[in-house]
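Student: My questions will all concern the structure given below.
The values are calculated or read from the model by the stated rules, or taken from the named source; none is laboratory data. The shown structure was predicted, so the numbers you read here are calculated from the model rather than taken from an experiment. When we count neighbours, we look across all protein chains shown, and the Cβ atoms used for this are built from the backbone with ideal geometry, even at glycine.
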Amino acid sequence: MNPIFSALQTSVFEVMSRLARETGAVNLGQGFPDDPGPLDVRQKAADAVVNGWNQYPPMMGIPELRQAAATHFKHWQGLDLDADSEVMVTSGATEAIAGALMALITPGDEVVLFEPMYDAYLPLVRRAGGIPKFVTLTPPAFGLTEEALARAFSPKTKVVLFNNPLNPTATIFSEADLDLLADFCIRHDAVAICDEVWEHVVFDGHRHKPMLARPGMRERTVKISSAGKIFSLTGWKVGMVMAAPKLMRVLSKAHQYVTFTTPPNLQAAVAYGLGKDDSYFEGMRADFQRSRDRFADGLKGLGFSVLPSVGTYFLNVDIAPLGESDDVAFCQRLVTENGVAAIPVSAFYAEGAVKNVVRFCFAKHDATLDAALERLAAWKKAA
Ligand code: GLN
């Protein structure tokens, strides 16, 4: 068996969701919304299942969705993308990331990773033969520094795998950070694989700034987006990959031998959804922001130390002021004894020593958030 995978544990999201089911805990661990997603988009999918094409769609994705993605990202992010040569549909963003790593890495190449990082990144990089080089980001800002980048980059750097907005920290990199990273990529002739799945889930008036649009990055960026995050339909697993033709030709080779295609009916519904009025996207953000504020206020009222959240639907709590120094043990107790599932942020670090931050998902109905707050209040009182 391959030792990289045989040595892996079950993902923390799966573990926590299972524990939540077993214990009847309120599940604020794995990130998925209570909301079932926009009805018109789901109805489009249903209609496409019943009345549409259910055989293999084109390997690169249905033309309507590739065009809709190009139009959508022109409108929202000012990107000029050619639907035929620069957009590909994948079965979720994780497939897109795995495929990009397979397509771009030759064993022995160095890959710059930023921790905390999504748990799939490291095993996928290693399995592709990449040598990970970490930039460790620390609370509360989780920003970049020239020194940290200089330590991670070398003449062997081939790829950086960059997530912005960043899960689990709920932060957005500043424009200065983006320019700094772009500068390092250009100087080292590296490709930036940019996991931008949270691009629409940003608050307080922020607008997402794609790496692809930075000067000098057009030809060396792979932008990855996710319908699951844009429409709160996390089970659909419809991803979109955007890159210059030279990169896309190679990325498509990985895709054609991993999943080949993605359900055509879901693609049709996503194509429709991407064309929805601005009000849908603004409304989605406003709803999440309201939930964020409700939950953050509740936590602060209970005396928890809440870190800022400006993107993603997560909120982090610093547990050090509670006298807690082990986020894994804390989350284990919280779910089994107090009925609330959360995610220990140390699960997102390979090397860094951050063990005092716990992530909660607030993309939930008010009643769910309130139930969690009630249980946390009981925990606080007993502590
Ligand atoms: N992206 C989700 C999160 O961060 C997890 C997805 C999964 O369970 N693999 O919670």
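Student: List the pairs whose first member sits in the range 86-107 and is on the phi > 0 side of the Ramachandran plot, whose second member is assigned to a helix (DSSP H, G or I) and of a type outside the set (S, T, N, Q), and whose Cβ atoms are under 8 Å apart, counting only residues at least 6 apart or on separate chains?
Tutor: Within 8 Å, the pairs are 92/228.
Student: In the range 353-368, what residues are outside any loop (DSSP other than H, G, I, E, B) and surrounded by 23 or more Cβ atoms within 10 Å (Cβ to Cβ)?
Tutor: 357, 358, 359, 360, 361
Student: If residue 111 satisfies all but one of (1) crowded, with 22+ Cβ neighbours inside 10 Å; (2) within 30 Å of residue 288 (Cβ to Cβ), what's the number of the condition it fails?
Tutor: (2)
Student: Of these, 124, 161, which one is buried (at least 18 other Cβ atoms within 10 Å of the Cβ) and touching a residue at least 60 places away in the same chain (Cβ under 8 Å)?
Tutor: 161
Student: Here's a follow-up. Which residue out of 69, 45, 20, 98 is within 16 Å of the ligand (Cβ to nearest atom), in a helix (DSSP H, G or I) and within 30 Å of residue 276 (Cβ to Cβ)?
Tutor: Step by step, each of 69, 45, 20, 98 is checked, and only 98 is within 16 Å of the ligand (Cβ to nearest atom), in a helix (DSSP H, G or I) and within 30 Å of residue 276 (Cβ to Cβ).
Student: Right, something else. Quick one: is residue 50 among the hydrophobic types (A, V, I, L, M, F, W, C) and either more than 22 Å from the chain's Cα centre (by Cα) or more than 16 Å from the ligand (Cβ to nearest atom) (or both)?
Tutor: Yes; evaluated as a whole, the condition is true for this residue.
Student: Still on this structure, please answer the following. Specify the residue that is surrounded by the fewest Cβ atoms within 10 Å (Cβ to Cβ); the eligible residues are those in the range 1-15 that are of a type outside the set (Asp, Glu) and near the ligand (Cβ under 9 Å from one of its atoms).
Tutor: Among those that are of a type outside the set (Asp, Glu) and near the ligand (Cβ under 9 Å from one of its atoms), it is 11.
Student: Return the pairs, sorted by first residue and then second, in which the second residue is modelled with pLDDT under 95 and polar (S, T, N, Q), the first residue lies in the range 270-285 and is closer than 11 Å to residue 75 by Cα, the beta carbons are less than 8 Å apart, and the residues are 6+ apart or on different chains.
Tutor: Every condition considered, no pair remains.
Student: Can I ask one more? What number goes with the only condition from (1) among the aliphatic types (A, V, I, L, M); (2) more than 19 Å from residue 212 (Cα to Cα); (3) away from the ligand (no atom under 16 Å from the Cβ) that residue 120 does not pass?
Tutor: (3)
Student: Which one of these is of a type in the set (A, V, I, L, M), away from the ligand (no atom under 16 Å from the Cβ) and either surrounded by 22 or more Cβ atoms within 10 Å (Cβ to Cβ) or farther than 30 Å from residue 203 by Cα (or both): 284, 248?
Tutor: 248
Student: For the range 54-66, what are the residues that are surrounded by 19 or more Cβ atoms within 10 Å (Cβ to Cβ) and either aromatic (Phe, Trp, Tyr) or over 13 Å from residue 248 (Cβ atoms) (or both)?
Tutor: Answer for the range 54-66, where residues must be surrounded by 19 or more Cβ atoms within 10 Å (Cβ to Cβ) and either aromatic (Phe, Trp, Tyr) or over 13 Å from residue 248 (Cβ atoms) (or both): 57, 62, 65.
Student: Might you check whether a residue that is more than 15 Å from the chain's Cα centre (by Cα) and part of a helix (DSSP H, G or I) occurs anywhere in the range 154-164?
Tutor: no
Student: Right, something else. Restricting the range 295-323 to residues that are in contact with a helix residue (DSSP H, G or I) (Cβ under 6 Å, 6 or more places away or on another chain) and in a helix (DSSP H, G or I), which is nearest to the ligand (Cβ to nearest atom)?
Tutor: Restricting to residues being in contact with a helix residue (DSSP H, G or I) (Cβ under 6 Å, 6 or more places away or on another chain) and in a helix (DSSP H, G or I), the top hit is 295.
Student: State all residues of the range 164-187 that are crowded, with 23+ Cβ neighbours inside 10 Å and farther than 24 Å from residue 316 by Cβ; if no residue qualifies, say none.
Tutor: 185
Student: Another question about this same structure. Would you confirm, using the coordinates I've provided, whether residue 94 is surrounded by fewer than 21 Cβ atoms within 10 Å (Cβ to Cβ) and either touching a helix residue (DSSP H, G or I) at 6+ places or on another chain (Cβ under 7 Å) or basic (Lys, Arg) (or both)?
Tutor: No.
Yes/no per residue for (1) away from the ligand (no atom under 16 Å from the Cβ); (2) touching a helix residue (DSSP H, G or I) at 6+ places or on another chain (Cβ under 8 Å):
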| residue | (1), (2) |
| --- | --- |
| 336 | yes, yes |
| 342 | no, yes |
| 353 | yes, no |
| 377 | yes, no |
| 381 | yes, no |
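Student: I'm checking my understanding of the structure. Among residues of the range 324-352 that are among the hydrophobic types (A, V, I, L, M, F, W, C) and part of a strand (DSSP E or B), which one is farthest from residue 196 (Cα to Cα)?
Tutor: Ranking the candidates gives 340 first.
Student: Would you mind stating whether residue 34 is in a loop (DSSP other than H, G, I, E, B), farther than 18 Å from residue 269 by Cβ, within 16 Å of the ligand (Cβ to nearest atom) and touching a His at 6+ places or on another chain (Cβ under 9 Å)?
Tutor: yes
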